[in-house]
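S.K.: Encoded as structure tokens, here's the structure I'll be asking about.
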Amino acid sequence: MDRSATFARSVSLFRAFRLEQSDPEHFYGVLAADSIAQLAHWVDLEGTTVLDVGGGAGYFADAFRAAGTTYFGLEPDAGEMTARGTAEPGTVRGSGEELPVRTGAVDVCYSSNVLEHVRRPWAMADEMVRVTRPGGLVYLSYTPWLSPHGGHETAPWHYLGGHRARRRFRRRTGAEPKNRFGESLFAVSAGGAVRWARSCPDVDLLAVLPRYHPWWAAWVARVPGLREFASWNVVLVLRRR
């Protein structure tokens with residue numbers, strides 16, 4: 001168990017999380033540094049090739065390169081790719097459900113806060129496994145629908161239904177939410193990911209973790225039902241067979 005996941009770390013992450021939309025540079029910078037530290041528990045990143053699925057504007061690129069990796073990003077949305085002005089070098093536009101990457105090409109396939117935005121999440125998960133070499137690592141992090149932030153900017157009204165929460169947001173603001181339920185936001189469960197991982201013949205499930213929690217609260221992600229509400233953000237760590 002990684003005891004570097006302290007309570008102070010959790011406080012720092014949740015504070016940064018509050019600035020996700022108002023100051024994405026800060027939030028993603030904190031999250032990127034934490035991701036490198038978390039991955040280092042499972043793999044020596046020096047000299048590895050990393051694919052960041054749904055990497056957006058490349059917020060994680062500098063942190064991965066500083067860790068000694070060769071970084072590539074993939075992003076389906078052209079607007080997200082250029083959110084920082086220009087697209088990050090090494091980033092291509094493509095679908096996570098059909099990765100334009102050859103089989104077994106990368107040492108680490110990483111995805112942060114993307115799966116809930118994919119219409120066919122397990123197709124994307126399968127693709128992440130496919131492009132990872134045997135012995136490589138798959139790291140998949142996302143927000144379960146029933147977590148407090150499951151509806152993203154429409155939360156907590158998503159508990160009354162995604163479409164209802166979207167309509168309420170539109171009435172109150174006069175605009176669509178950035179994450180539109182049924183189009184760019186979908187109800188993905190934590191349990192669904194665990195079932196997918198356990199049924200996938202090509203991976204070993206190494207860990208299921210609540211991403212922002214301290215080490216002594218990691219058990220919540222292993223309890224069916226509770227993990228849907230209490231994980232906030234869930235991580236699956238898998239080893240390619």
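S.K.: Rounded to the nearest whole Å³, what is the per residue volume of the convex hull around the Cα atoms of the range 125-213?
M.R.: 112 Å³
S.K.: Now, a different point. Compare the Cα positions of LEU13, HIS158, ASN179 along the charge dipole of the chain (+1 at Cβ of Lys, Arg; -1 at Cβ of Asp, Glu; about the Cα centre) and return the one farthest towards the positive end.
M.R.: HIS158
S.K.: While we're looking at this one, here's another question. Let a ≥ b ≥ c be the square roots of the eigenvalues of the Cα gyration tensor of the range 172-230; is it rounded (a/c under 1.5), or, if not, prolate (a/b larger than b/c) or oblate?
M.R.: Oblate shape, in that a/c is at least 1.5 and b/c is the bigger or equal ratio.
S.K.: Here's another thing I want to ask about it. Quick check on the exposure proxy: order ASP126, ASP34, ASP52 from fewest to most C-beta atoms within 10 angstrom.
M.R.: Result, fewest neighbours first: ASP126, ASP34, ASP52.
S.K.: If you rank LEU226, LEU206, LEU74 by fewest surrounding Cβ atoms within 10 Å, what's the result?
M.R.: Fewest-to-most Cβ neighbours within 10 Å comes out as LEU226, LEU206, LEU74.
S.K.: Would you mind computing Rg(Cα) / (2.2 N^0.38 Å) for the range 1-135, counting N as its residues?
M.R.: 1.04
S.K.: A follow-up question, please. Convert each backbone phi in the range 230-240 into a coupling constant with the Karplus relation 6.51 cos²θ - 1.76 cosθ + 1.60 (shift: θ = phi - 60°), then list the ³J(HN,Hα) values in order as whole Hz, x for Gly and Pro.
M.R.: Those phi angles translate into 9, 6, 6, 9, 10, 10, 10, 10, 10, 10, 6 Hz.
S.K.: Could I ask something else about it? Please order SER12, SER147 by the number of other Cβ within 10 Å, starting at the fewest.
M.R.: SER12, SER147
S.K.: Determine the principal axes of the Cα atoms in the chain, then give the extent along each, sorted from largest to smallest and rounded to whole angstroms.
M.R.: 50, 41, 35
A short reminder: the numbers here are calculations on the coordinates, not readings from a lab. Since the model is a prediction, treat every value here as computed from it, not as a measurement. We place every Cβ from the backbone using ideal geometry, glycine too, and count neighbours over all the protein chains shown.
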